[in-house]
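Remarks on the structure that follows.
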Ligand SMILES: Nc1ncnc2c1ncn2[C@@H]1O[C@H](COP(=O)(O)OP(=O)(O)OP(=O)(O)O)[C@@H](O)[C@H]1O
Ligand SMILES: O=P(O)(O)OC[C@H]1O[C@H](OP(=O)(O)OP(=O)(O)O)[C@H](O)[C@@H]1O
Ligand SMILES: O=C(O)c1cccnc1
């Protein structure tokens, strides 16, 4: 449960949290004497999730925890020694276990800081080092970064729909297991949620926690009035009454009665929660009752299968909801349960010490990989973000300063000076040692908020968003194009015209 661990604490190694094929390849590299051949891999997704225009990078801190703790412990090795092939013999030879026992990560990792707005094809993370080591990290890095990026993005969308109203994440009960629940709470906070109902996430990550009460509280009393009065007596400083157990608007009237009593005792009604029915109509009527009763400051919290589209729609209907409780559809990324992030080899170093870019072909242009040691350069003006360029650090940025769409090379855009630009992948680990300062979650959350503000609203909209310009540096594009030609038809590529 790396994701569940607080930062800056020793973690158990999760070296076996991987697909077996990473270990079969590692074994192969070791047998061939290629274990230490330098290589570079990139972790990226191809399309932003939810048919949206952007993603929020998340999961880096838990990924760093995983990398820092990475080693094969004696009991891991003992387990690996039990694995056999189809002849019943051990999969790995004993000397490989000695190698694994001694293995310490020596990789360099560069990454987009968490909370950075990210787009398709851009590396969120780059791992460079001995090929065996880079390969071993693939599965866990994808597991951590894919999920947290997905949920942070979903949360950003939900918060965008809430337009400044606080969103409380209520997802734990329907999240995908224990770690799914904890890491969803963490990522949802990065994406902009104001609080979580998840108390352990509050303790581990310092996220504000909030809670009302359930229908069971009301049902356990003979009457709703008794239930509210008893709750107010027990917890006068946290009274949000769930008003829909029997008749919602009657429930609001009852909340007002108890609110008056609370006030006479020096406390204030925090609000009511609506959890069923027509949330637009009920919130408008509830607002009238609360205002008429002298509780214009009381909040109306709504929950019940909410997501960004329902919230947007409720806002358009004039709903008087001031706080949004969002659970299942946020913590499970209900409409897109996985981000298709991948981890691809970009280059290997040959025996002469030269880097050789590597390419994976595909029938789909978007799935043909991008070779090189990649970096992402973001261009901005005072108005906001204007475009991103993926370039190869070996070749540097071509002086033509043109980006070419990786999916459609006829689409090009020039990125002339004097735009402000910055490289998004920054050093996180060098030679296996963490070099980046750990960031408070508040800082990460604020970064996401700030970056989203600098993104044009047309790119943020839910329906058919405008595509943010991301392209390959023209030099990288030409190199990739030549590699594609050569891989498809070596003979054509070998001719002078080819
Ligand atoms: N005015 C509205 N416009 C659009 N969607 C709404 C509106 N009011 C509620 N919804 C949403 O419609 C769905 C209605 O849920 P559902 O059919 O389960 O009814 P319910 O009133 O919640 O009943 P239950 O008592 O079973 O909870 C929820 O996703 C809710 O958020
Ligand atoms: O709807 P979500 O976005 O997931 O938010 C969390 C839900 O969890 C609680 O319901 P409960 O578990 O009692 O189930 P319910 O859906 O029957 O109300 C709460 O009343 C919310 O409705
Ligand atoms: O505090 C609440 O109201 C809450 C918590 C979890 C799930 N649903 C509601």
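Residues that are within 13 Å of ligand 2 (Cβ to nearest atom), surrounded by fewer than 17 Cβ atoms within 10 Å (Cβ to Cβ) and either in contact (Cβ under 8 Å) with a residue 60 or more places away in the chain or over 30 Å from residue 183 (Cα atoms) (or both): does the range 251-262 have at least one? Break it down stepwise before answering.
Residues of the range 251-262 within 13 Å of ligand 2 (Cβ to nearest atom): none.
Among the residues of the range 251-262, not one is within 13 Å of ligand 2 (Cβ to nearest atom), surrounded by fewer than 17 Cβ atoms within 10 Å (Cβ to Cβ) and either in contact (Cβ under 8 Å) with a residue 60 or more places away in the chain or over 30 Å from residue 183 (Cα atoms) (or both), which makes the answer no.
Given (1) within 16 Å of ligand 1 (Cβ to nearest atom); (2) crowded, with 22+ Cβ neighbours inside 10 Å; (3) farther than 28 Å from residue 456 by Cβ, identify the lone condition not met by residue 347.
(1) is the only condition that residue 347 fails.
I need a count of the residues in the range 129-160 that are surrounded by fewer than 24 Cβ atoms within 10 Å (Cβ to Cβ) and closer than 22 Å to residue 324 by Cβ.
Number of matching residues: 1.
Considering only residues that are within 13 Å of ligand 3 (Cβ to nearest atom) and assigned to a loop (DSSP other than H, G, I, E, B), look in the range 209-222 and name the one that is surrounded by the fewest Cβ atoms within 10 Å (Cβ to Cβ). Talk me through it step by step, then tell me what you get.
We begin by selecting, within the range 209-222, every residue within 13 Å of ligand 3 (Cβ to nearest atom); these are 209-218.
Now drop any that are not assigned to a loop (DSSP other than H, G, I, E, B), which leaves 210-214.
Details: 210: 20, 211: 16, 212: 23, 213: 18, 214: 13.
Only one residue fits best here, namely 214.
Is it the case that the range 291-304 has a residue that's over 16 Å from residue 162 (Cβ atoms) and either part of a helix (DSSP H, G or I) or within 15 Å of ligand 3 (Cβ to nearest atom) (or both)? Show your work before the answer.
Filtering the range 291-304 down to residues over 16 Å from residue 162 (Cβ atoms) leaves 291-298.
Narrowing the set further to residues that are either part of a helix (DSSP H, G or I) or within 15 Å of ligand 3 (Cβ to nearest atom) (or both) leaves 291-292.
Scanning the range 291-304 turns up at least one residue that is over 16 Å from residue 162 (Cβ atoms) and either part of a helix (DSSP H, G or I) or within 15 Å of ligand 3 (Cβ to nearest atom) (or both).
Kindly indicate the residue of the range 426-441 that is more than 9 Å from residue 109 (Cα to Cα) and out of contact with any helix residue (DSSP H, G or I) (no Cβ under 8 Å at 6 or more places or on another chain) and also modelled with the lowest pLDDT among those meeting that condition.
Across the range 426-441, the extreme among qualifying residues is 437.
Give me the residue from the range 306-364 that is in a loop (DSSP other than H, G, I, E, B), touching a strand residue (DSSP E or B) at 6+ places or on another chain (Cβ under 9 Å) and more than 30 Å from residue 131 (Cβ to Cβ) and, out of that set, farthest from ligand 2 (Cβ to nearest atom).
Here the answer is 320.
Tell me the residue from 187, 101, 161 that is within 16 Å of ligand 1 (Cβ to nearest atom) and either assigned to a helix (DSSP H, G or I) or under 20 Å from residue 64 (Cα atoms) (or both), please.
None of the other options fit; the residue is 161.
Would you be able to tell me the number of residues in the range 198-214 that are free of Cβ contacts under 8 Å to residues at least 40 places away in the same chain and either closer than 17 Å to residue 273 by Cα or within 16 Å of ligand 1 (Cβ to nearest atom) (or both)?
So the count comes out to 4.
So, in the range 458-475, of the ones that are part of a helix (DSSP H, G or I) and under 28 Å from the mean Cα position of the chain (by Cα), which residue ends up surrounded by the fewest Cβ atoms within 10 Å (Cβ to Cβ)?
First, the residues of the range 458-475 that are part of a helix (DSSP H, G or I): 458-460, 474-475.
Those still in the list that are under 28 Å from the mean Cα position of the chain (by Cα) too: 458-460.
Numbers: 458: 12, 459: 20, 460: 19.
By that ranking, first place goes to 458.
What is the number of the single condition among (1) more than 15 Å from ligand 3 (Cβ to nearest atom); (2) in a helix (DSSP H, G or I); (3) over 22 Å from residue 287 (Cβ atoms) that residue 256 does not meet?
The single condition residue 256 does not satisfy is (3).
Only residues in the range 279-291 that are at negative phi count as the first member; pair them with residues that are within 13 Å of ligand 1 (Cβ to nearest atom) and assigned to a helix (DSSP H, G or I), Cβ under 6 angstrom, at least 6 apart or cross-chain, and list the lot.
Note: pairs meeting the criteria are 279/314; 280/314; 282/248.
Condition check ((1) within 13 Å of ligand 1 (Cβ to nearest atom); (2) in contact with a helix residue (DSSP H, G or I) (Cβ under 9 Å, 6 or more places away or on another chain)) across all residues:
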{"position": "253", "(1), (2)": "no, yes"}
{"position": "258", "(1), (2)": "no, yes"}
{"position": "278", "(1), (2)": "yes, no"}
{"position": "284", "(1), (2)": "yes, no"}
{"position": "289", "(1), (2)": "no, yes"}
{"position": "295", "(1), (2)": "no, yes"}
{"position": "298", "(1), (2)": "no, yes"}
{"position": "305", "(1), (2)": "yes, yes"}
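Could you please find all residues in the range 139-173 being within 13 Å of ligand 2 (Cβ to nearest atom) and under 16 Å from the mean Cα position of the chain (by Cα)?
154, 155, 158, 169, 171
Provide a single number: the residues in the range 263-282 that are within 16 Å of ligand 2 (Cβ to nearest atom), within 32 Å of the chain's Cα centre (by Cα) and part of a helix (DSSP H, G or I).
1
The values are calculated or read from the model by the stated rules, or taken from the named source; none is laboratory data. Since the structure is predicted, the reported quantities are computational estimates derived from the model, not experimental observations. So basically every Cβ, Gly included, is an ideal-geometry build from the backbone, and we count neighbours across all protein chains shown.
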